[in-house]
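Below you'll find the structure, written out as structure tokens, and then a few comments.
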Amino acid sequence: MLASFNVAPMGVQGGVSRLVAEILELVERSGLDYRVGAMQTTVEGDPDEVMALIMACHHHMRTLAPRVLTHIALDDRAGATGRLEGKVSSVEAALGRTLRHE
């Protein structure tokens, strides 16, 4: 499963980069393959592990902020692996060039 998600703290003062950094520590410790983007993080792995990670991130952010909005996009395809890189490579092959990507 691929899942792109962002966990947005609401009702906090100042920037949120420190809070997002705490979430990324959870992502790194999960052992799942991931990529960080400007607006989201994408992880790949077993569906139960992916969803458990996202919920852990949401719950942790909830300890840091009075309100949290979590957005999730799932791509669940039976038997598919290596799609974190493969999906980008497929588009690059169709274009005949390398894309600038996260």
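Where a number appears in this text, it was derived from the coordinates with a stated rule and is not lab data. For clarity, every value in this text was computed on a predicted model and none was experimentally measured. Because the Cβ atoms are built from the backbone with ideal geometry, glycine has one as well, and the counts that use them run over all protein chains shown.
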Quiz prompt | Those residues of the range 48-102 which are within 30 Å of Val12 (Cα to Cα), among the aliphatic types (A, V, I, L, M) and exposed (fewer than 11 other Cβ atoms within 10 Å of the Cβ), in sequence order | solution = none
Self-check item: Answer from Arg62, Arg29, Arg100 - the residue that is within 11 Å of Val7 (Cβ to Cβ), without any contact (Cβ under 8 Å) to a residue 24 or more places away in the chain and not polar (S, T, N, Q)
Solution: Arg62
